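Below: one structure, written as structure tokens.
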Amino acid sequence: MTFPVPARPYPFPFAPGRTALVVIDMQRDFIEKGGFGDSLGNDVTRLEAIIPTTAKLIDLFRRKKWPVVHTREAHLPDLSDCPPSKISRGDAPLKIGEKGAMGRLLVRGEPGNQIVDPLKPIAGETVIDKPGKGMFWNTDIQSILDNKGVTHLVFAGVTTEVCVQTSMREANDRGYECLLIEDATESYFPEFKRMAIEMIVAQGGIVGWATPFAELEAAVTQALAHA
Ligand code: C5J
């Protein structure tokens, strides 16, 4: 059974029980001062604005007992899963693995690598440490989703045009139906967010669908009022 969620480019067929929420990289390293995003010279305050909407989205999935997956961009402490090209890229004062204000940048277990407090995973939710921008490369996510019978994915998180879009493209290529929640994703560059969403929904939804959280919430409420 599916029900329609108003979305671009046309209503998204939401499949209750077969849909997981994927919250990409809402970690301190990207959202707070002193982390990786800040070290690259970005205005990180833009990203914290989506925390309240993302929290409501997570709450909706928790109330319905639908699966929630959190990802973190995270490397092993010895950086053996981080290509040298990724470490050396750019002219930032601090590189991946070096010590910043919240510990070593983008390294598993460091304070900066943790998901921000208001969106902390709870027991039973999946947390994936991914060494790449996409969530499938070098992770167990495919088998985890297969075991849960997931065929549809709702996406949130940061940044829209980097890890969110890469993960959504990877998922789309693997046959998942993908919906991006527009006001639960953000970029350091507003025009990149806008264009990433346009790229996703163009050509009849070549990568997937996009809609604001209120549309999803209203459609769920209407379709499953008594569930
Ligand atoms: C970036 C991400 N922007 N989570 N990572 O490097 O989008």
Note to self: Which residue, 172, 205, 149, has the largest displacement toward the positive end of the dipole of the stretch 148-209 when charges sit on each Cβ (Lys, Arg +1; Asp, Glu -1)?
What the structure shows: 149
Checklist line | Net dipole in debye of the chain [+1 Lys, Arg Cβ; -1 Asp, Glu Cβ; about Cα centre; nearest 20] | finding: 380 debye
Margin query: What are the ³J(HN,Hα) couplings of the stretch 134-149, residue after residue, when phi is run through the Karplus curve with 6.51, -1.76, 1.60 and θ = phi - 60°? Round to Hz, x for glycine and proline.
Written below: x, 8, 8, 5, 6, 9, 9, 4, 4, 5, 5, 5, 4, 5, 8, x
Notebook entry, point to check: Taking +1 at the Cβ of each Lys and Arg and -1 at the Cβ of each Asp and Glu, which of 93, 3, 69 sits farthest along the dipole of the stretch 1-140 towards its positive end, judged by Cα position relative to the Cα centre?
Noted result: 3
Note to self: Given the options 105, 127, 138, identify the residue whose Cα lies farthest towards the positive end of the charge dipole of the stretch 97-140 (+1 on Cβ of Lys, Arg; -1 on Cβ of Asp, Glu).
What the structure shows: 105
Checklist line | Fraction of beta bridges assigned by DSSP in the chain that are antiparallel (%, nearest 5) | finding: 20 percent
Check: Of 33/148; 99/193; 33/86; 65/95, which ones are farther than 31 Å apart at the Cα?
Finding: 33/148; 65/95
Item checked: Choice from 139, 71, 19 showing the highest fluctuation, given a GNM over the chain with Cα pairs closer than 10 Å -> 139
Next item on the list: Specify the residue with the greatest mean-square fluctuation among 161, 182, 198, computed from a Gaussian network of the chain linking alpha-carbon atoms under 10 Å apart.
Entry: 198
Note to self: Just to confirm a number: summing +1 for Lys and Arg and -1 for Asp and Glu over residues other than residue 188 whose beta-carbon lies under 11 angstrom from that of residue 188, what do you get?
What the structure shows: -3
Next item on the list: With runs of 4+ DSSP H residues as the only contributors, calculate the mean residue ellipticity of the chain at 222 nm using -39,500 (n - 2.57) per run, divided by the residue total and rounded to the nearest 500.
Entry: -9000 deg cm²/dmol
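Read-outs: derived from the displayed coordinates by stated rules, not from any lab. It should be emphasised that the depicted structure is a prediction, and the values quoted were computed from it without experimental measurement. Note: ideal-geometry Cβ built from the backbone for every residue, glycine included; neighbour counts use all protein chains shown.
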